[in-house]
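Below is one structure, written out as structure tokens, with a few remarks after it.
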């Protein structure tokens, strides 16, 4: 299956992250992401990847319920932009699998920086050539982490795994998402403030 349009993981189209691999290791330690968590993320990928589109639909329904969030994927006059939603959705779906399966290497680190930039004035709308607002405030990016984490647990349940395995997958997902968003936040700040 081909990569979604605008998905530039591992290409020279991705901006190099100013975060070093040593800083990434520190952050992984800070968030508590272990090799055991990586095992459970791979297990979670088997469960979540087939449901990724439904997960994105659930998140987008939450976004649509908040006009201040829905505005970031709409035209300047507030009308929804279905072209933008259709173009960005496959990348959002891909992100779910990436959270669970990608190795924490330079390509992964650079890709996180690119995602962060795509939320800021530096690169928002560039990929899809849209006219939506050109910046998502950091406060909304950080706050929406809670729904992304909390709504995932039901998707992990009911697929033949023990409750203990579900809890481990959920904890690993939580740590991984927090690590992603922490790295995205770098695009919003200077090195002394991040």
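Just so it is clear, none of the values below were taken in a lab; they were calculated from the coordinates. A quick note: this is a predicted structure, and the numbers were derived from the prediction, not measured. Because the Cβ atoms are built from the backbone with ideal geometry, glycine has one as well, and the counts that use them run over all protein chains shown.
Numbers at a glance
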read-out	value
Centroid-to-centroid separation of segment 107-156 and segment 1-19 [C-alpha atoms, Å]	14
Theoretical ellipticity at 222 nm over the chain - DSSP helices of four or more residues, -39500 (n - 2.57) apiece, nearest 500	-17500 deg cm²/dmol
Among 31-43, 107-119, the order from most to least packed when residues are scored by Cβ within 10 Å on average	107-119, 31-43
Ordering of 120-131, 44-55 by packing [mean C-beta count within 10 Å, highest first]	44-55, 120-131
Extension gain, residue 68 back to residue 163 (0.36 nm per residue minus Cα-Cα distance, nm)	30.5 nm
At 1.002 mPa s and 20 °C, Stokes D of the chain from Kirkwood alpha-carbon radius, µm² per second	124
Cβ crowding within 10 Å averaged over residues, with 86-97, 172-183 ranked highest first	172-183, 86-97
